[in-house]
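This report concerns only the one structure given below.
Here, each number is a calculation from the coordinates, and none is a lab measurement. These numbers come from a predicted model, not from an experiment. Virtual Cβ from ideal backbone geometry, glycine too; neighbours counted across all protein chains shown.
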Amino acid sequence: MSRIDGERAFVPVNIAVLTVSDSRTPETDSSGDALAGRITGAGHRVAARGILPDDVERLVERLRAWIADPEIDAVITTGGTGLTGRDVTPEAFARVCEKEIPGFGELFRWISYQKIRTSTIQSRATAGIAGGTYLFAVPGSTGACKDAWDDILVHQFDARHRPCNFVELMPRLREHAG
């Protein structure tokens, strides 16, 4: 059973938030706001934040820049994970990820199923690792962002979470990097 180990220290993580949308602006980015608020509320740092249109080349470029930034430990994108022709976030992730984290998308859809039933099949939420940086792509709805953070990521980004968590693996993510 998972638990918080009170003998372990909390370690803040530097997380970038990117909203992928043709229609959101800084004033209307409720999903990005929800993620940023939860990240800082949990004691972590929003290391960077942005909004990009649904453009695979620009998304790949931004992901690569943030992956190369030693001040960013993880990136969470919101939006672009659906089935329409404009939804290209998983395709951008496929171009930059060195290793997939398939359990994230599976668990996200299981959690989402409890709330929106079979509509969750339209989600292509995904995750991976590149250059020692964690990458997570969640749907653009505020509810989906809350579900991904509250039910998965808040625990995995807590070094005290047992039996295991993403934070304790961070020093080892680049073990075979050349």
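Here are a few things to note about the model shown:
- Relative contact order of the chain, pairs being alpha-carbon contacts under 8 Å that are 6 or more residues apart, as %: 27 percent
- Cα gyration tensor shape of the stretch 13-171, rounded if a/c is under 1.5, else prolate or oblate by comparing a/b with b/c: rounded
- Cα coordinate range in the stretch 128-178, projected on the principal axes (Å, largest first): 39, 24, 10
- Dipole in debye (nearest 20) - the chain, about Cα centre, beta carbon charges: Lys, Arg +1; Asp, Glu -1: 320 debye
- For the stretch 87-127: rounded, prolate or oblate by the Cα gyration tensor [a/c cutoff 1.5]: oblate
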